[in-house]
There are 2 protein chains.
Amino acid sequence: MVRPTMEDVALRAGVSRALVSLVMRNSPKVSEARRTAVLKAAEELGYSPHAMARSLASRTSTVLGVMVSDLHNAFFAEVVDGIDEVAREQGFDIIINTGGRSPTRERRALESLLSFRPGGLVLLSPVVPATAISKAAEQLPVVLVARSSRASTVDTVNDDGEVGARLAVDHLVSLGHRRIAHLDGGEGTQAGPRRRGYVAAMEAHGLVPQVVPSEYTDAAGARAIRGLLEEDALPTAVLSCNDFNAVGAISALEDAGLRVPADVSVVGYDNTSLAALRHVSLTTIDQPRAEFGRLAASALLQRVREGRTEPVRHLLTPSLVVRTTTAPPGGLR
Amino acid sequence: MVRPTMEDVALRAGVSRALVSLVMRNSPKVSEARRTAVLKAAEELGYSPHAMARSLASRTSTVLGVMVSDLHNAFFAEVVDGIDEVAREQGFDIIINTGGRSPTRERRALESLLSFRPGGLVLLSPVVPATAISKAAEQLPVVLVARSSRASTVDTVNDDGEVGARLAVDHLVSLGHRRIAHLDGGEGTQAGPRRRGYVAAMEAHGLVPQVVPSEYTDAAGARAIRGLLEEDALPTAVLSCNDFNAVGAISALEDAGLRVPADVSVVGYDNTSLAALRHVSLTTIDQPRAEFGRLAASALLQRVREGRTEPVRHLLTPSLVVRTTTAPPGGLR
DNA sequence: TCTATTGGTTGGAGCGCTCTAATGCTGTAG
DNA sequence: CTACAGCATTAGAGCGCTCCAACCAATAGA
């Protein structure tokens, strides 16, 4: 249970510790003979550099910290893929940590990540207060994904929820729908822009918006639909705040004996893997998640390596994915 | 962008660096007056200890590394919850890293995790060769989750797939099914025990096993069902190798005009959040995932803190979750 | 021949912390 | 008044590494 140190390698190769250090960092100013001798010794001893000692001594880090607010959500997994891709390209590693949607746990996760003094921090949809974020941003470069910020010290990467909602409404209107309700995401991240986009698009088409309070869960989507049924206010199409909500809505519609999309069309938001399942096959709005990750990592690395200081705001354009839960209206009437 | 050090705090509080160190580690042998003075100075400076320097100096670590083979799978998120819970209780932090199901990337993730010299390592369903695992186990305590190992240096935590498959078969038989097929997981982790359990249970009931080659995806589940339909070999019930496979199977059955469960019953395996969705409502086998995590973390901490050396093998008992995709046979005949 | 220059190599200080052994300081017993 | 605990506090070495300045040939230029 004891790892060899640089000293051990140096001794075995018959060189100084400093030379081993140079070899380990691929310095060009090492003779070929020494280099191979050192590498051979390292190999024989099973040596690999101690990342923490290295970062302590160099006062730099080749690690990016990633705080994922909710590991259960596959959305974040794809963002992480994008981060990982860019980080790896540039010789950086990532360490992940999770806050489990609780501000307290998230704060602790943040502390823990900071204690490793990474080169930068990506926060995926964090729920901690803005002050905690700007405090972190005083210590290292920070980029926020799926959460906006006015702080001039942090970069942000978001999708344009207004555009996404408009795409969905345009699609439904082009199919012939006039009565389209929006199951709202309430306080959830990004619910605001989606709602605004929906309302604006409806008005642009000369239609009356119908915003129904709901949440980002399948149970809430079902509840919202049952409410509409009771009030006899069911539209011919529904735009849910996200995919989970949409799936719940579909269940409630089917429970009530209505067919999707023959009687009611349903559009989700996020294009999670759930939406792509044959059994679900949900028309939805896709966010370029891997691109989120790539942009976030690039933004961070620009600050780390090129010393950029002025903030960057990325607002990505979502796209419509048509599957089988939307069709021209007709079943009701 | 510069964090205060212990020296800064010591200066401000008018004490030595060593005393600050003692306060930071909650040593009892510090007078109350000095303790509050130090804490006050630390607070004012926004000081927090440098985890890497600490671990370098103390030659110990309060971090557990977690390698998740696939971040996209919610299964692992729940295991991580369990790990996190126990680790936090005992004052440990966790850092996560992902291998994206690729042995190469996973190897790199492992290296990266090791370079932080954590107290121990949890590998969730790793795909790297056993030699890489035992090499890691020479350096620190390692526990494997959802993968078995014969190495005496690593602990393992698994579910008893044979028992799970038997539970499913018993349930279907008790509903009156006699012709039950198993959509097999092929090379996938844990597919072997599930298959063996299915075959044994069928034979115990005096029934003929029907193992259909398939995989852990919804597309594969659908393909398997279409194959059975073509050969006119459709049973009255299907036990899928996992939930995704089951959802694909259901889609294919419905596409063929068959009703689930009226015509064919379907049972999944894993009880993922997918299975719990109202729209899916899949009867399935639940694995105690959070318990996996808790046991894994405990096993690690026992090695770290109590110096245990003999290996531990946990084999947990799964349970049946009955939802609405199973019913007595009747539709066919 | 002597001085520069260049490329390879090394000693030593120091990153922020812990830990051991030594220190100073009280208070109590002899 | 000395001796000696017993406690709170501190100096200093060292964890594994990087980085700077210094060093040492060997070669080139004058």
Note: the range A:216-326, point scatterers on Cα, Debye, no solvent; log10 I/I(0) at q = 0.16, 0.20, 0.22 Å⁻¹ equals -0.71, -0.95, -1.09
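For the range B:132-170, run through the trypsin sites (Lys or Arg not before Pro) and keep only the ones in DSSP coil with at most 16 other Cβ atoms within 10 Å of their Cβ. Don't skip to the end; give the middle numbers.
Working: sites: B:LYS135, B:ARG147, B:ARG150, B:ARG166; in loops: B:ARG147, B:ARG150.
Counting only loop positions with at most 16 other Cβ atoms within 10 Å, the trypsin sites (Lys or Arg not before Pro) in the range B:132-170 are B:ARG150.
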Amide H contacts under 5 Å for A:VAL15, restricted to residues at least 5 apart in sequence or on another chain and with H modeled in the peptide plane, are none
One decimal, nm, nearest first: from A:ALA33 to the same residue in each other copy, label points 7 Å out along Cα→Cβ, the values are 6.6
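When you have a sec, figure out the Kirkwood radius of the range B:113-245 from all distinct Cα pair distances and drop it here in Å to one decimal? The partial results should precede the final answer.
On the way: mean 1/r = 0.0603 Å⁻¹.
Result for the range B:113-245, one decimal place: 16.6 Å.
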Copies of A:SER102 compared via label points 7 Å along Cα→Cβ give distances in nm, shortest first, of 3.6
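I need the per residue convex hull volume for the range A:95-162, using only the alpha carbons, in cubic angstrom as a whole number.
Numbers: hull volume 6.0 nm³, N = 68.
Expressed per residue, the convex hull around the Cα atoms of the range A:95-162 is 89 Å³.
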Between B:ARG226 and A:SER16, the FRET efficiency computed from the C-beta separation at R0 = 60 Å comes out, to the nearest 0.05, as 0.30
Averaged over the residues of A:269-280, the number of partner chain Cβ atoms within 10 Å of each residue's own Cβ comes to 5
Applied in sequence order to the range A:161-168, the curve 6.51 cos²θ - 1.76 cosθ + 1.60 (Karplus, θ = phi - 60°) yields integer Hz couplings, x standing for Gly and Pro, of x, 5, 5, x, 5, 5, 4, 5
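Hey, can you rank A:125-132, B:256-263 by average C-beta count inside 10 Å, highest first? Spell out each step's value before the answer.
Numbers: A:125-132: 17.5, B:256-263: 15.6.
Put in order of decreasing packing, that is A:125-132, B:256-263.
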When A:GLU111, A:GLU89 are ranked with the fewest other C-beta atoms within 10 Å first, the list becomes A:GLU89, A:GLU111
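For the range A:293-333, build the convex hull from the C-alpha positions and give me its volume per residue in Å³. Write down the numbers at each step before the final one.
On the way: hull volume 4.1 nm³, N = 41.
Once divided by residue count, the hull of the range A:293-333 is 101 Å³.
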At q = 0.10 Å⁻¹, the log10 of I(q)/I(0) for the protein assembly as shown from a Debye sum over equal Cα scatterers comes to -1.03
Taking placed amide H atoms and a strict 5 Å upper bound, the residues 5 or more places from A:GLN210 or on another chain that come that close are A:HIS182
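Which whole number gives the average, over all residues in A:295-306, of C-beta atoms from other chains lying within 10 Å of the residue C-beta?
Working: counts 0, 0, 0, 0, 0, 0, 0, 0, 1, 0, 0, 0.
Per residue, the number of nearby Cβ atoms from other chains is 0 on average.
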Normalised Cα Rg of the range B:52-148, dividing by 2.2 N^0.38 Å with N its residue count, works out at 1.03
Least to most buried among A:ARG226, A:ARG25, by other C-beta atoms within 10 Å and fewest first, runs A:ARG25, A:ARG226
If each part is reduced to its alpha-carbon centroid, the range A:266-325 and the range A:49-114 end up apart, in Å, by 19
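Considering every pair of different Cα atoms, what Kirkwood radius, in Å, is found for the range A:1-41?
Working: mean 1/r = 0.0992 Å⁻¹.
For the range A:1-41, the Kirkwood estimate is 10.1 Å.
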Inter-copy distances for A:GLN302, nm, shortest first, label points 7 Å along Cα→Cβ, are 5.2
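Starting with the fewest neighbours, write out A:MET67, B:MET6 ranked by other beta-carbon atoms found within 10 Å of each beta-carbon. Mind dumping the intermediate values first?
Values: A:MET67 26, B:MET6 22.
Final ranking by Cβ density, sparse to dense: B:MET6, A:MET67.
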Inter-chain shielding metric for B:111-119, i.e. average beta-carbon neighbours from other chains within 10 angstrom, reads 5
Both in Å, the radius of gyration and Dmax of the C-alpha trace of the range B:24-91 are 17.4, 51
Cross-link reach from B:LYS40 to aspartates and glutamates, straight Cα distance under 16 Å and at least 8 residues apart if same chain, gives B:GLU7, B:ASP8, B:GLU32
Quotient of Cα radius of gyration and Kirkwood radius for chain B, i.e. Rg/Rh, equals 1.14
Amide H contacts under 5 Å for B:ASP93, restricted to residues at least 5 apart in sequence or on another chain and with H modeled in the peptide plane, are B:VAL63, B:LEU64
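Readers should treat all values here as calculations from the given coordinates under stated rules, not as data from a laboratory. Note that the coordinates shown come from a computational prediction; the quantities given were computed from them, not determined experimentally. A quick note on method: Cβ atoms are made from the backbone with ideal geometry, for glycine too, and the neighbour counts reach across all protein chains shown.
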